[in-house]
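The values are calculated or read from the model by the stated rules, or taken from the named source; none is laboratory data. The structure displayed is predicted, hence computed values, not measured ones. Here Cβ is always computed from backbone atoms with ideal geometry, including for glycine, and neighbour counts include all displayed protein chains. The area values use the complete protein model at the heavy-atom level, side chains included, leaving out ligands, DNA and RNA. Shrake-Rupley method; radii C 1.70, N 1.55, O 1.52, S 1.80 Å.
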Amino acid sequence: MKYLDEYRDEAAVRVVLGALARTVTRPWTIMEICGGQTHSIIRHGLDRLLPPQVELVHGPGCPVCVTPLELIDKAIAIASRPDVIFTSYGDMLRVPGSEKDLFRVRSEGGDVRIVYSPLDALAVARQNPTKTVVFFAIGFETTAPANAMAVWQARQQGLTNFAMLVSHVTVPPAITAILESPGNRVQAFLAAGHVCTVMGWTEYEPLAQRYHVPIVVTGFEPLDIAEGLLMVVRQLEEGRAEVENAYARSVQRRGNPAAQAMIQSVFEPCDRAWRGIGVIPMSGYRLRDEFALYDAERRFPDAGVIAVRESPLCISGLVLQGRRKPHECPAFGRECTPQTPLGATMVSSEGACAAYYRYGRVGAQELMIGRELNEHS
Ligand code: SF4
């Protein structure tokens with residue numbers, strides 16, 4: 001397939017990684033931010049083709065993984081109401097809350113529907129004027145413009161039976177939190193290309209300068225990632241700390257100004273809890289006061305603060321900050337599997353633990369499990 005196969009060309013990837021091997025002279029630890037990049041790396045075995053000096057650690061860029069358990073429980077409480085139609089992307093329905101998931105709510109009679117866009121949820125609201133239609137708005141800056149547009153359109157169309165349960169997070173504050181963490185090992189970042197398609201990379205320039213870390217905007221195919229890694233290693237070896245773009249076919253320095261304007265007109269920055277990590281200051285979006293009518297948390301205050309407890313076995317917070325690898329968790333592949341997830345990074349197919357499990361990234365026995373899973377996927 002044009003524009004896809006050429007970025008999966010093994011010979012081309014090996015040429016770039018050969019240049020990387022000739023460039024590197026010292027150990028470096030590099031974090032890919034996005035869960036999509038993590039999956040591409042593990043799926044294609046890119047990490048195994050790298051010289052031993054280059055260690056990849058996996059970042060917090062999986063939106064399903066970092067949605068806090070409290071929000072999942074709130075979603076379940078709202079979705080269980082008889083006056084609500086709850087709409088969501090499909091992958092959120094199987095994320096376990098403290099006691100059940102949204103699929104269970106549906107099997108118990110709740111009206112929970114999978115949609116493919118927030119605008120689909122708006123259509124459901126128009127078709128069901130006697131119900132309140134709630135859309136679960138999760139994700140990074142990538143999904144924020146469409147979600148903002150849905151709220152904007154609801155107001156334009158005078159729809160009052162539409163609301164959003166918002167759990168948006170943003171990348172730059174997460175990078176800051178990782179770099180300021182006392183146990184930080186990360187020396188450079190591959191930034192997520194789709195986030196930068198919306199936001200550009202000007203937000204990353206002060207971070208690169210202040211913390212002296214190279215940041216390279218990177219795509220998702222093996223050749224994209226190899227090129228991002230080569231650029232980042234060149235910077236590290238030369239002592240540079242700049243923002244560079246390895247995803248020029250999609251990203252411009254200032255991003256998409258129209259999409260940014262839509263985000264800013266509907267959302268404002270706020271402190272946000274990240275599952276497994278905790279609250280990161282000003283790391284999320286919430287609806288502005290003028291859109292309070294569309295805020296499900298204000299509309300259903302009795303869904304309130306729900307006390308939750310994460311599994312004491314789970315070290316996903318350390319995994320999300322690149323301080324541990326999934327297979328270093330004692331519960332990995334034992335108590336915790338994609339069928340019985342205990343924590344953030346196993347619940348989503350984009351989570352690092354799920355990627356390691358799926359592609360069998362530990363010991364001989366687990367390698368067999370991974371191969372079998374691959375053969376049947
Ligand atoms: S394997 Fe499971 S329990 Fe361990 S860190 Fe990953 S999600 Fe948490």
Once all protein chains are kept in place, residue 91 shows an accessible area at probe 1.4 Å, nearest 10 Å², of 80 Å²
For residue 164, the accessible surface traced by a 1.4 Å probe with all protein chains present amounts, in square angstrom to the nearest 10, to 0 Å²
The stretch 179-220 and the stretch 33-80 have their Cα centres apart by a whole-number Å value of 16 Å
By the Cα gyration tensor axes a ≥ b ≥ c (a/c under 1.5 gives rounded; else a/b larger than b/c gives prolate, otherwise oblate), the shape of the stretch 87-204 is oblate
Distance in Å, no decimals, from the C-alpha centre of the stretch 308-322 to the one of the stretch 99-123 is 27 Å
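With a 1.4 Å probe and every protein chain left in place, work out the accessible area per residue of the stretch 65-130 in Å², rounded to a whole number.
Counting only protein heavy atoms, the per-residue value for the stretch 65-130 is 44 Å².
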Tilt, helix 35-44 to longest principal axis of the chain (alpha-carbon atoms), in degrees rounded to tens, equals 50 degrees
The helix 222-238 Cα axis meets the longest alpha-carbon principal axis of the chain at an angle in degrees, between 0 and 90 and rounded to 10, of 60 degrees
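If you roll a 1.4 Å probe over the stretch 61-121 with all protein chains in place, what percent of the accessible area is carbon or sulfur?
Numbers: 1190 of 2370 Å².
It is 50 percent, rounded to a whole number.
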Over the stretch 1-61, with neighbouring protein chains present, the accessible area per residue in Å² at probe 1.4 Å is 48 Å²
Rg from C-alpha atoms of the stretch 274-361, normalised by the globular rule of thumb 2.2 N^0.38 Å, equals 1.36
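Take the alpha carbon gyration tensor of the stretch 174-326, find the square roots of its eigenvalues, order them as a ≥ b ≥ c, and report rounded if a/c is under 1.5; if not, report prolate when a/b exceeds b/c, else oblate.
Numbers: a/c = 2.31, a/b = 1.36, b/c = 1.70.
The shape class here is oblate.
Keeping all protein chains in place, calculate the accessible area per residue for the stretch 192-338 (probe 1.4 angstrom), answer in Å². Don't skip to the end; give the middle numbers.
Details: 6630 Å² over 147 residues.
Heavy-atom SASA per residue in the stretch 192-338 reads 45 Å².
Highest first, please rank the peptides 9-18, 95-104 by the mean number of other Cβ atoms sitting within 10 Å of their residues.
Numbers: 9-18: 14.7, 95-104: 17.7.
With the highest mean Cβ count within 10 Å placed first, the list reads 95-104, 9-18.
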Restricting to Cα pairs under 8 Å and 6 or more apart, the percent relative contact order of the stretch 1-309 works out to 22 percent
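From the square roots a ≥ b ≥ c of the eigenvalues of the alpha-carbon gyration tensor of the stretch 34-144, which class results: rounded (a/c under 1.5), prolate (a/b over b/c), or oblate?
Note, shape of the stretch 34-144 comes out prolate.
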Output row, site residue 335, 7 Å Cα→C-beta label point, backbone N cut-off 19 Å, window the stretch 267-303, residues 276-277
GNM of the chain, Cα pairs under 10 angstrom: of 43, 323, 309, the biggest fluctuation goes to 309
Per the rule of 0.36 nm per residue minus the C-alpha distance, extending residue 114 to residue 53 adds in nm 17.5 nm
With all protein chains present and a 1.4 Å probe, the order of 73, 47, 289 from largest accessible area down is 289, 47, 73
Largest fluctuation, 243, 66, 105 only, Gaussian network model of the chain with Cα springs under 10 angstrom, belongs to 105
Counting sequence-distant residues (5 or more places) and residues on other chains, those with an amide H built under 5 Å from that of residue 295 are 164
At q = 0.08, 0.10, 0.11 1/Å the base-10 log of I(q)/I(0) from the Debye formula over the alpha-carbon atoms of the chain is -0.41, -0.65, -0.78
Taking Cα atoms, the helix 257-266 axis meets the longest principal axis of the chain at an angle in degrees (rounded to 10) of 40 degrees
For the stretch 135-237, the percent of accessible surface on carbon and sulfur atoms (probe 1.4 angstrom, ligands and nucleic acids excluded) is 54 percent
